[in-house]
Every structure is written in structure tokens, then in C-alpha cells.
1. Can you find, within segment 47-66, the residue that is surrounded by the fewest Cβ atoms within 10 Å (Cβ to Cβ) among those that are closer than 18 Å to T77 by Cα and in contact with a Leu (Cβ under 7 Å, 6 or more places away or on another chain)?
2. Being over 19 Å from I49 (Cβ atoms) and touching a residue at least 24 places away in the same chain (Cβ under 8 Å) is true for just one of R154, R187. Which residue is that?
3. Can you give me the number of residues within segment 141-164 that are buried (at least 18 other Cβ atoms within 10 Å of the Cβ) and not in a loop (DSSP other than H, G, I, E, B)?
4. I need every pair where a residue in segment 19-43 that is under 19 Å from R69 (Cβ atoms) and assigned to a loop (DSSP other than H, G, I, E, B) has its Cβ under 6 Å from the Cβ of a residue that is at pLDDT 80 or above and not aliphatic (A, V, I, L, M), sequence separation at least 6 or different chains.
5. Identify, by number, the condition in (1) closer than 17 Å to I49 by Cα; (2) loosely packed, with under 12 Cβ neighbours inside 10 Å that Q133 doesn't meet.
6. Examine segment 97-114 for a residue that is farther than 19 Å from E199 by Cβ and surrounded by 17 or more Cβ atoms within 10 Å (Cβ to Cβ), and state whether such a residue exists.
7. For segment 200-216, name all the residues that are assigned to a loop (DSSP other than H, G, I, E, B) and either closer than 9 Å to G127 by Cβ or modelled with pLDDT under 95 (or both).
8. Of the numbered conditions (1) modelled with pLDDT of 95 or more; (2) over 27 Å from D205 (Cα atoms), K44 fails exactly one; give the number of that condition.
Amino acid sequence: MLRHFTAEHSGYREFSSTILLKMTYVKSTLRKSTGGGAGTPKAKDPNVIFILVRDLAKTGEAYSGFPTRDSQGVKSTSDIALADGAEAMGVYMTPSTINRFNSSEGDPDKMGLIQNFVGEHPGNELGFDEWLQNNLNEDFLILSKECGDSLGTRLLGTPCNPLKLTIEGQDNNEGVMSTLTFASVQRGKYGMMHYRGAEPTLADDWSEGSGSSSGGL
């Protein structure tokens, strides 16, 4: 809930200040999931979606294209919206290597959450190396899905606390691949969002000579 107000004191006025009221958590008891196997690994969709923060739709200086959260602060209540002409990027990851998780850090009264994503891209083809070269220092949001389960889609990162990429490659007798590790710039209030909205438009598949490093791979 947003409350707008104006204040007038000491000979000046302050316009359009905004207070965001604290979300109220509804207490509940959590029982063991029915059907068993709640902790069984869930297959991940290998086509991970990467969104550059600068490609989100904006209203003035605000990133209006970032989805809002419900009163509990976890589930999305709107869609991702990209700026006119902007596209997201799909990158193939070996499904069994995908790991997305929250981790906490900080001293007492300063605890926060780090959002993390790790996955391996097999091979070292030209298209991937171009993607890496041109996106290494970008601010990322990531959409990661579970196979056949729309409730398993997670959105990592926020416009003000995006994910940053580090990479470790391998090209030897054991294999050729790159491990991509993403983490929040700093600890923050929120963990991964349970995303229930529409997927953004993806760039075209990469082809040599296309002149674009932004295509899906």
C-alpha cells in the first residue's frame, strides 16, 4: 500500500514523498508435503533466460517493468515488461548442473539474503564466447524454470540489486565447458521471486555473421 503526502514546514514544501508500508507476514504452520518426495531433485529447464536490467521498461527513472510482489514479499503479481525493441537472451545450461538458491549473511540485526545461480554451458562455440565477451559486466536478472511445472519458475535479481557473472572455463581431456556463477551484488531484503507471469520475448537464435552477441544459444 502506498501513501502519498505533502509536507510544509520551515518555509518550504516537499512534494510527492512516498512511504512504502511494511508487508505483514501471515503466520502459518508448515506440515510435511503430501505425496512424499518433497526433497526429490526437480529437473530444470535447460534454456535459462537472461534479462539485462537496462532492458527493462522504465517510467521516468523507475524500472516499471520489474514485477511487483504480493503482500508476503515472495510471489509476483505482474509480468516482466521490457523496453520497446528490447529482448531477453536464452542460454542453454546442462540441466543437472543448474543450482539456484538463497543464502544468508550478515551480523545480528544486519542479516540479508544473497540470490545465487550456478550452471554449466557445454562447449566453447563462437556464439557463446561472443555472448560472454559482450555481457561480462552487465547487470542481470535470471528466469529459471522447472520442466513441466509453471510453479517452479524463479526470478533472481532486482534492478537495484542485480546479479553479476563470474566464469570458470575448462578445456582438457575431461571435457569442454564453462561454469557460470551469478550472485547478488550485495545482500538484500529479498530472496528469489516465485514468478507467475509471462515470459519476455527472446532474441533470435545465434548464427555466425549475424553481428549480434545477444541471441539465444
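The values are calculated or read from the model by the stated rules, or taken from the named source; none is laboratory data. Remember, it's a predicted structure, so these values are computed and weren't measured experimentally. Don't worry about glycine lacking a Cβ; one is built from the backbone with ideal geometry, like all the others, and counts go over all protein chains shown.
1. Per the criteria, the residue is A57.
2. The unique qualifying residue is R187.
3. 10
4. So the pair list comes out as M23/S71; M23/G73.
5. If we test Q133 against (1) closer than 17 Å to I49 by Cα; (2) loosely packed, with under 12 Cβ neighbours inside 10 Å, just (1) comes out false.
6. yes
7. Scanning segment 200-216 gives W206, S207, E208, G209, S210, G211, S212, S213, S214, G215.
8. Single failed check for K44: (2).
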